[in-house]
Structures are given as C-alpha cells and as structure tokens.
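Remarks on the structure that follows.
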Amino acid sequence: MSKINIHSISLALAGLILSAFILMAWTGNLDRAGLLLTGFFVLLAIGFNGYREFKGYIFAAMIFAGVVLALYWPQYFVKIGNFKLTVLIIPLIQIIMFGMGTSMSIKDFAEIIKSPKGVLVGVSAQLAIMPLVGFALADVSGLPPEIAAGIVLIGCSPSGVASNVMAYLAKANLALSITITSIATLLAPFVTPLLMKLLAGQFVEIDVLAMMWSIIKMIILPIGAGLLFNHLLHGRTKWLDKVMPLISMLAIGLIIIVITAAGRDSLLDIGGLLLLLVLAHNLFGYFLGYCFARLVGMDERDARTISIEVGMQNGGLASGIANTLGKIATMGLAPAVFGPLMNITGSILASYWHKKVPNDDLINKE
C-alpha cells in the first residue's frame with residue numbers, strides 16, 4: 001500500500017469518526033465520546049502528513065488530541081503520585097529558551113543596523129497593539145478577573161519561534177522576523193511586568209519586581225546559556241539544531257496539556273467565550289500589525305513579517321508567568337488556548353501569502 005493511500009485512508013477514517021462523535025454529542029453522550037474525538041485528531045495529523053499543503057497543521061492537530069485527553073481525563077495530567085506536573089512548566093520553558101539561544105548568534109542582530117526602521121516598527125507594534133487589544137477584550141469580556149488577566153498577559157508577551165517559521169512560509173522577511181522576536185524576547189523581562197501592572201492591575205495584583213526576576217530566569221539566563229553554547233561549540237553540534245525544534249514542540253505540547261488539565265473546570269464553564277476572545281485577539285494582531293506597517297511605509301514583505309510577529313505570541317512564556325504567580329488554572333487558560341489556535345490561523349495566513357508573490361517583488365522584476 002502506497003504512502004499516499006495510507007494518508008488518504010487516515011483522512012477518510014477521521015471523517016467517519018467525526019461523524020460518529022457528532023452523533024454521540026447530538027444524542028447526549030458527549031461525556032463518553034473522548035476517545036472518538038482524540039482518534040479524530042490523531043488520524044487527522046497522520047493524514048495531513050501525506051500532503052505538503054497540510055503539513056503545517058500536524059502540530060496543531062496533535063495538540064488538540066492532547067487537549068481532548070486532558071479535558072476528558074484530567075487526573076492523569078495534573079499529578080503523578082504526589083508530584084504535581086505544573087512543576088515541569090518552568091523547566092520546559094527554560095529548555096525551549098535554551099534551544100532558541102543555541103539557534104541564535106550575534107549576527108542575528110545585524111538586522112538592527114541594516115534595517116533599523118523595520119525592527120523599531122515591529123517591536124513597537126508588538127509592544128503596543130497586542131497589550132492594548134488584550135486589555136480592551138478583557139475589559140468587556142465579563143470573565144472572572146484572573147481569567148481576564150490571562151488575555152492581557154498573552155498580549156503583553158513577546159512573539160515566539162513559531163512566528164519565525166510562519167514568516168518563512170509566508171515569503172516574508174525572515175531575518176527581520178528573527179530579529180524582532182529576539183529583541184522583543186530580551187525586552188520581555190522589563191516590559192512585560194510594567195505592561196501587566198499598567199493594564200492588568202485592575203484584574204489581579206502584580207508584583208513587578210518578582211515578575212521581572214521570574215522572566216529573567218525563564219528567558220535571559222537560558223538564552224544566554226544557549227548563545228554561549230553556540231559560540232563555544234559552533235558547527236560541532238548540528239545534531240542539536242535538528243533535535244531542539246522537536247524538543248521545543250513536545251515541550252509546548254506538554255505545557256498546554258498540563259494547563260488544560262489544571263484549569264479544566266474553568267475552561268468548560270467559559271471555553272466558548274474564551275475561544276472567541278482569543279481568536280479575536282489573534283486576528284486583530286495580524287490585521288493591525290499589517291495595517292500599521294503599511295501606514296508607516298513598510299514594503300509588502302516587511303508588512304507580512306510585522307503582521308505575523310504581532311499576531312503570534314509566546315504562549316509558553318505567558319503560561320510560565322501565570323504558573324509563577326500561582327494562577328496556572330485561571331490566568332494560564334488564555335495562553336493555553338492561544339497557542340494551538342495561533343498555529344492554525346498562522347498556517348492559514350502563511351499558506352495564503354505563500355501563493356502570492358509580494359507586490360514589491362513584482363515591481364522590482366518589471
């Protein structure tokens with residue numbers, strides 16, 4: 001049996017299982033349909049792997065499979081024995097940040113000199129648009145204060161490595177994307193706590209200095225270690241470049257599953273509304289980021305870059321901050337929802353732009 005048939009069969013089976021799940025939900029048996037929904041997402045991921053245009057959705061499909069497991073059987077993802085799995089969140093984020101550091105070098109920051117306007121516009125857009133939109137959505141949401149604060153938190157977080165991948169797929173300016181991500185990430189220990197104090201102070205009490213130190217431990221120290229590692233062993237650890245993205249994806253997946261299990265009850269109560277608010281937050285980021293870039297005279301390729309950088313945030317970091325505040329089951333919910341959702345919308349946007357040559361490239365060819 002050929003590879004393509006295996007993936008086609010997987011998609012067909014996924015369709016049948018989805019039909020069975022809908023039937024069970026319709027007949028009031030939703031509480032017994034967990035395995036069906038999990039199987040649907042797993043088969044969807046297997047099927048996507050056979051089609052180049054859908055490979056960008058594999059990670060999101062597997063994340064949703066994990067989320068379903070956490071919603072139906074949270075007891076297996078909250079603790080093992082007396083060990084609470086939320087303890088793993090900070091070390092996992094540090095591993096992700098270390099991996100980011102190993103893939104960086106001082107040369108990555110040369111874009112600041114080559115294109116200072118692009119970096120300034122991108123970083124300022126990210127630090128202004130998403131926090132303000134997050135605050136506006138949280139303010140009108142009517143959600144419990146700690147859950148509403150999570151929407152502000154994801155807005156006040158920097159972009160992550162996922163935005164660099166989407167920028168590459170969207171035929172955007174990858175060098176600019178990496179630089180904006182790096183600068184925003186390094187500024188996060190100082191900017192994120194101040195923005196949270198200013199915008200989320202009405203929802204929860206924010207200790208600025210304590211938050212600064214927790215973010216420094218999660219970002220600056222592991223990224224610094226990664227940069228040093230890359231500098232000392234440059235070119236001799238190519239295996240690490242291949243392994244770290246996989247480890248990072250597994251780490252992000254585990255973080256989302258643990259948060260979902262911890263906040264299951266709250267998520268079931270307000271899941272639909274939170275999903276809509278987070279989706280609106282994400283889409284506003286793309287739209288306003290693009291419009292802002294074009295308004296200040298950025299070309300199409302750079303505008304795409306800034307759109308993606310603004311719309312895609314580091315959900316893992318936001319989850320880690322919520323965990324250090326002891327509010328992983330409430331403030332951590334919005335970041336947990338935002339993570340897989342932005343991968344889906346980002347993949348769709350990147351696929352759309354991938355098929356469209358930037359207008360500036362067409363002009364230059366003429």
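Quick notes on this one:
- Scanning the range 284-291 for residues that are of a type in the set (Phe, Trp, Tyr) and without any contact (Cβ under 8 Å) to a residue 40 or more places away in the chain turns up at least one hit.
- Enumeration of residues in the range 1-14 that are over 17 Å from residue 68 (Cα atoms), of a type outside the set (Lys, Arg) and assigned to a helix (DSSP H, G or I): 4, 5, 6, 7, 8, 9, 10, 11, 12, 13
Listed here are the residues, each with its yes/no results for (1) crowded, with 21+ Cβ neighbours inside 10 Å; (2) in contact with a Ser or Thr (Cβ under 7 Å, 6 or more places away or on another chain); (3) over 27 Å from residue 65 (Cα atoms).
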site: 153; (1), (2), (3): yes, no, no
site: 164; (1), (2), (3): yes, yes, no
site: 172; (1), (2), (3): yes, yes, yes
site: 176; (1), (2), (3): yes, yes, yes
site: 192; (1), (2), (3): yes, yes, yes
site: 217; (1), (2), (3): no, no, yes
site: 257; (1), (2), (3): yes, no, no
site: 262; (1), (2), (3): yes, yes, no
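- Meets criteria (assigned to a helix (DSSP H, G or I), small (Gly, Ala, Ser) and buried (at least 19 other Cβ atoms within 10 Å of the Cβ)) for residue 70: yes
- Checking the range 343-361 against the condition returns a match, with at least one residue being farther than 22 Å from residue 182 by Cα, open to solvent by 40 Å² or more (accessible area, probe 1.4 Å), among the β-branched types (Val, Ile, Thr) and over 19 Å from the mean Cα position of the chain (by Cα).
- Scanning the range 18-61 for residues that are in a helix (DSSP H, G or I), over 24 Å from residue 256 (Cα atoms) and of a type in the set (Val, Ile, Thr) yields one hit, 22.
The values are calculated or read from the model by the stated rules, or taken from the named source; none is laboratory data. None of the values given here were measured: they were computed from a predicted structure. Cβ coordinates were reconstructed from backbone atoms using ideal geometry, including for glycine residues, and neighbour counts include every protein chain displayed. Ligands, DNA and RNA are excluded from the accessible area calculation, which covers all protein heavy atoms including side chains. Shrake-Rupley method; radii C 1.70, N 1.55, O 1.52, S 1.80 Å.
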